[in-house]
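Each remark here refers to the structure printed beneath this line.
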Amino acid sequence: MTEALAVSVSGQVALVPRNAQSPPQRNVVPVIGLAYKDDPADGRKWLASNGDPYKTSIVDRDGRVGIDFGVYGVPETFVIDKSGIIRYKQIGPLTADALDTTILPLVRKLQQS
């Protein structure tokens with residue numbers, strides 16, 4: 001886990017979506033943005049134009065966080081536990097079905113532990 005992610009998670013379960021859409025269920029779990037291989041200025045400009053739905057954002061300019069996560073395509077969403085460990089990786093769009101049947105039940109379980 002990177003130092004930036006450890007600070008961002010700080011004892012909470014979190015979602016890290018890797019796409020350009022606003023993440024759902026922000027009120028259920030903190031959502032952390034990941035600027036993967038993006039110029040920080042471009043990321044700030046995009047968030048200013050489109051709204052910033054994230055609790056915090058991490059800049060991964062050289063792709064090292066992506067390597068740690070096992071990133072290989074967009075979109076992907078990661079469920080991170082309170083210790084900063086990836087507990088689930090959703091490959092593909094974050095659908096209502098994936099949220100309701102897999103991700104949110106896992107988030108609730110991790111929040112209780």
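The values are calculated or read from the model by the stated rules, or taken from the named source; none is laboratory data. In this text, all values refer to a predicted model and were calculated from it rather than measured experimentally. With ideal geometry, Cβ positions are generated from the backbone for all residues, glycine too; neighbour counts draw on all protein chains shown.
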**Prompt:** When residues of the stretch 51-62 are filtered for being part of a loop (DSSP other than H, G, I, E, B) and under 15 Å from Pro17 (Cα atoms), how many remain?
**Reply:** 4
**Which numbered condition Glu3 misses (of (1) within 12 Å of the chain's Cα centre (by Cα); (2) modelled with pLDDT under 85)** = (1)
**Asked** Is it true that Arg108 is part of a strand (DSSP E or B), over 11 Å from the mean Cα position of the chain (by Cα) and within 22 Å of Gly11 (Cβ to Cβ)?
**Response** no
**Asked** For the stretch 72-100, how many residues meet the condition of being touching a helix residue (DSSP H, G or I) at 6+ places or on another chain (Cβ under 7 Å), assigned to a loop (DSSP other than H, G, I, E, B) and without any contact (Cβ under 8 Å) to a residue 60 or more places away in the chain?
**Response** 0
**Request:** State which residue is farthest from Gln111 (Cα to Cα) when the search covers only the stretch 74-94 and only residues that are of a type in the set (Lys, Arg) and at pLDDT 90 or above.
**Result:** Lys89
**Message:** Suppose the filter is of a type outside the set (Asp, Glu) and surrounded by fewer than 18 Cβ atoms within 10 Å (Cβ to Cβ); does Gln90 pass it?
**Reply:** no
**Asked** Got at least one residue in the stretch 28-38 being at pLDDT 85 or above and over 13 Å from the mean Cα position of the chain (by Cα)?
**Response** yes
**Item:** Condition met for Ile80 (surrounded by 13 or more Cβ atoms within 10 Å (Cβ to Cβ) and among the β-branched types (Val, Ile, Thr))
**Value:** yes
